[in-house]
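Undergrad: Okay, handing you the structure first.
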C-alpha cells in the first residue's frame, strides 16, 4: 500500500499484544494527514498511549505496520528531529534550569551551541517562560512545567508533536489557557499534532479529527470530523453537539454495562 | 499577559511561604540547640559525679576532667595519632569513592554485566571486612598500606551498591525521552543516569566516610604499625594494655570528633552537589 498524498502517519492493521497477554490494540487502522490535529479519545486501557508510543518508535507492533513519513518510526527518530513527544508529567530534568532543559534535545543532536541557545530562548518566549530561563523546575508551577516541557519538544523543530495526556494533571484554568496556547502554536508552526486524552471537551476543543477508541481490546470505534472554525467557542450550541456526539460514541464504545463499574 | 500575572502571583506565594517557614524555623532551631545542650551538660555532670561519689578508680571509669587532663598532658602523642588515622581514613575514603563510583559506572554501562553482577554487588556489602582484614595484612604487609586498604574496602561496597541503585533509578519516561532524541549510551550515562544517581551516590559517600574511620582504627588493631608511627587504634591498644584508661577515653573521643567532622564535611559537599535540585538538600522544609 503506497502512502497517500500528505499522509504522515499510517496504522495498517496494527495489533499490539504485551508479554502479559494483554491485547492493547487490535486491528487498528488510521491514516493521518499533514497538519492535522488528531485526538485519540477513549477510556483507560484502550491502547491510545500504546498507539502514540508506536508512532514515536518507543514500541513495536506485534502484527501489522506503523509508518511515519512513509518510514519505520525507529528510522525516523534515528535520523531526524521530526518527532517530538510530550509526556503526561513534564519530565524535566530537575538538576537543569528551564533553559538547559529546553536545550537538551539540541545538545543530544549535537547542534551548534550559539544558534541553539538563541533558538531555545525564542521558543521559551513563545510559551511565555521568557522570565524563567534560569529557574529550576521545582520553582515552577505545574502549568509552567508543562509549558517548559512543550518548549523542549518544540526546540528541535519537529514536524510532528505527540502528546500523551499532557494536561491531565493540571487544574481547569491552567488547562484551558494551555489549550489555547497549544492551538496558537499548532497554527503558527504548521505541525501535525497527535493528542491522547480522556477528556471529551478537550478533544472537541482542540482537534480537527477525533479517533474514538474502545477498550479491551483497544479498537478504533469511530472517527469524528470536528468541522468547527478555530478558535472555538466552548459554550456554542454546535460545540455542545460535538461533545454530545463524542460522548455518545465513547459510551457506545465502552458498552453501557460498564457504567456501573 | 495571563501567564505573567499567574506567574507573579505564584512568586509572591512562594516568597510568603518561605518567609513563614523561616520564622518557624528559627524558633524551632532555638529549641533544637538548647535541648541537646542541656542534655550534654546533665550527662557530663552525672559522669563527673558518679565516679567521685561511688569512689570508682580512674583506670576503671575516668571522670571527664581526668580524660581532659590526659588529653592535654599527652597532646603531642594524641595529635600525632589523630593525624595518622585521619590520613589513613581520608585516603581510604577517597579510594573507595573514586573506585566505587568508577566501577559502578562501568558495571552499569553494560546491561549484561550489570544484570549478572548487580546482585553480588548488593550482597558484597554485607561482607564483614574486618573478618578478612588479616588476609589484607598477609597481602599488603603490616602497617600503613594494609590499614588504608582495609579503610578502602570497608567503604567501597556501600558506594558501589548505592551508585548502582542510583544509576538504575532513572525514571522510565526520562529514558524514553533520551531514546527519542537518539542519545548515545554515554550521553545517556553522563546527562541522565549519573546526575539522576547523584542523591544515591551522596548517601553512599556519607555511609562510607564514617566506615572508613572504623576501617582505619580496626585496621590499626590488626595491621599494627609496621615500623611507622601508630594512629588512634594503636594508641588505644597500648593505652588499654598499660591501663591508661583516661588516655584511652581521650583517644576514643578524638576519634569520634574526627568522625563527626568528616561526616559533616562530606554532608556539606553533598548538599553543595545537590543544591540545585534535590528536595532532601532544600533549605525550606515542609
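Computed from the coordinates by the stated procedures, all read-outs in this text should not be read as laboratory data. This one's a predicted model, so the numbers in the text were calculated from it and none came from an experiment. For neighbour counting, all protein chains shown are included, and Cβ atoms are generated from backbone atoms with ideal geometry for every residue, glycine included.
Undergrad: Pull up the DSSP beta bridges for the stretch A:108-261 and report the antiparallel fraction as a percent, rounded to 5.
TA: Bridges in the stretch A:108-261 that DSSP calls antiparallel: roughly 55 percent.
Undergrad: I want to verify the translational diffusion coefficient of the stretch A:86-157 in µm²/s; compute it with Stokes-Einstein, Rh as the Kirkwood radius over Cα pairs, at 25 °C and 0.890 mPa s.
TA: D = 210 µm²/s.
Undergrad: Give me the compactness ratio for the stretch B:80-204, meaning the Cα radius of gyration over 2.2 N^0.38 Å.
TA: Compared with the compact-globule rule of thumb, the stretch B:80-204 sits at 1.25.
Undergrad: Further, regarding this structure: Rg and Dmax of the stretch A:131-179, Cα atoms, in Å?
TA: Expressed in Å, the Cα Rg and Dmax of the stretch A:131-179 come to 11.5, 31.
Undergrad: Can you tell me the mean projection area, over all orientations, of the convex hull of the stretch B:185-236's alpha carbons? Units nm², please.
TA: 5.4
Undergrad: Please list, by residue number, everything in the stretch B:213-250 whose backbone N is under 16 Å from a paramagnetic label point 7 Å out along Cα→Cβ of residue B:94.
TA: B:213
Undergrad: How much of the DSSP beta bridge set in the protein assembly as shown is antiparallel, as a percent to the nearest 5?
TA: About 50 percent, rounded to the nearest 5.
Undergrad: Answer rounded, prolate or oblate for the stretch B:63-281, using the Cα gyration tensor with square roots of eigenvalues a ≥ b ≥ c: rounded when a/c is under 1.5, else prolate when a/b is larger than b/c, else oblate.
TA: Judged from the Cα gyration tensor, the stretch B:63-281 comes out prolate (a/c at least 1.5, a/b above b/c).
Undergrad: Want the number for residue A:230 to residue A:72: 0.36 nm per residue separation, take away the alpha-carbon distance, what's left?
TA: 53.6 nm
Undergrad: Stick to the Cα atoms of the protein assembly as shown, pair each with every other, and give me the Kirkwood hydrodynamic radius in Å at one decimal.
TA: Result for the protein assembly as shown stands at 28.2 Å.
Undergrad: Could I ask something else about it? Restricting things to alpha carbons, tell me how big the stretch A:1-63 is in terms of Rg and Dmax, in Å.
TA: When restricted to Cα atoms, the stretch A:1-63 yields Rg and Dmax of 12.1, 38 Å.
Undergrad: For B:192, A:133, what's the fewest-to-most ordering of other Cβ within 10 Å of each Cβ?
TA: Going from sparsest to densest Cβ surroundings: A:133, B:192.
Undergrad: With the cut-off at 17 Å, report for the stretch B:126-193 the share of all Cα pairs above it, as a whole percent.
TA: More than 17 Å apart: 58 percent of the Cα pairs in the stretch B:126-193.
Undergrad: Moving to a separate point now. How far is helix B:194-223 tilted off the main Cα axis of chain B, in degrees rounded to 10, range 0 to 90?
TA: Roughly 10 degrees between the two axes.
Undergrad: Another question, if that's okay. For B:38, A:224, which order do you get if you count the other beta carbons within 10 Å of each Cβ and list the fewest first?
TA: B:38, A:224
Undergrad: For a quick size check, give me the Cα extents of chain A along its three principal axes, largest first, whole Å.
TA: For chain A, the Cα spread along each principal axis is 55, 42, 37 Å.
Undergrad: How big is D for the stretch B:110-163, in µm² s⁻¹ as a whole number, if Stokes-Einstein is applied with the Kirkwood radius of its Cα pairs at 10 °C and 1.306 mPa s?
TA: In µm²/s, the coefficient rounds to 130.
Undergrad: Could you tell me how far the Cα centroid of the stretch A:42-111 sits from the Cα centroid of the stretch A:209-239, in Å?
TA: That distance is 24 Å.
Undergrad: I would also like to ask the following. Round to the nearest 0.05 the FRET efficiency obtained for residue B:127 and residue A:243 when R0 = 56 Å and r is the Cβ-Cβ distance.
TA: That gives a FRET efficiency of 0.30.
Undergrad: Further question on the same structure: Once you have the Kirkwood Rh of the stretch A:47-198 from its Cα pairs, apply Stokes-Einstein at 20 °C and 1.002 mPa s and quote D in µm²/s.
TA: 135
Undergrad: Can you sort A:230, A:205 from fewest to most other Cβ atoms within 10 Å of each residue's own Cβ?
TA: Ranking A:230, A:205 by Cβ neighbours within 10 Å, fewest first, gives A:230, A:205.
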